């Protein structure tokens, strides 16, 4: 009888040890998959004028599954977007913004949505996008500060 109990104890120990190793392996594989997510950061031009435009543009971009960050710069007429490339593409994001009425570099804004924008949001459809405006610094080289 002691031999039977001893054999059962050995099999139970082996079984528990084996299951524990599988759980650790699953946790490791899950962590590796998380690290392998294809997070892309892109910047592209989007026409717009004001804070209301910013809200609408960012909301449209963020509504796309996989987008984790969207920040539109009013002065430079560009948006910075972070997204999971396994769930969406840059073109999908540009199309979503265009549906809301705003022109992007690769997608023209929906005409009906553009027509329904608030008056201050009706941007010049010829305005330059994705501008690289640098902060202007005072040039003091032409005069003496002594």
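A compact table of results
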read-out: Selection from segment 104-116 of residues that are in contact with a helix residue (DSSP H, G or I) (Cβ under 8 Å, 6 or more places away or on another chain) and assigned to a loop (DSSP other than H, G, I, E, B); value: 105, 106, 107, 108, 109, 110
read-out: Subset of segment 92-129 that is touching a strand residue (DSSP E or B) at 6+ places or on another chain (Cβ under 6 Å) and in contact (Cβ under 8 Å) with a residue 60 or more places away in the chain - its residue that is surrounded by the fewest Cβ atoms within 10 Å (Cβ to Cβ); value: 105
read-out: Sole residue being at pLDDT below 95 and either loosely packed, with under 11 Cβ neighbours inside 10 Å or closer than 16 Å to residue 129 by Cα (or both), chosen from 4, 46; value: 4
read-out: Subset of segment 70-83 [in contact with a helix residue (DSSP H, G or I) (Cβ under 9 Å, 6 or more places away or on another chain) and either closer than 21 Å to residue 132 by Cβ or assigned to a helix (DSSP H, G or I) (or both)]; value: 70, 71, 72, 73, 74, 79, 81
read-out: Scan of segment 45-71 for residues that are within 14 Å of the chain's Cα centre (by Cα) and closer than 17 Å to residue 125 by Cα, ordered by number; value: 57
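The values are calculated or read from the model by the stated rules, or taken from the named source; none is laboratory data. None of the values given here were measured: they were computed from a predicted structure. Note that we place each Cβ from the backbone using ideal geometry, even for glycine, and neighbour counts take in every protein chain shown.
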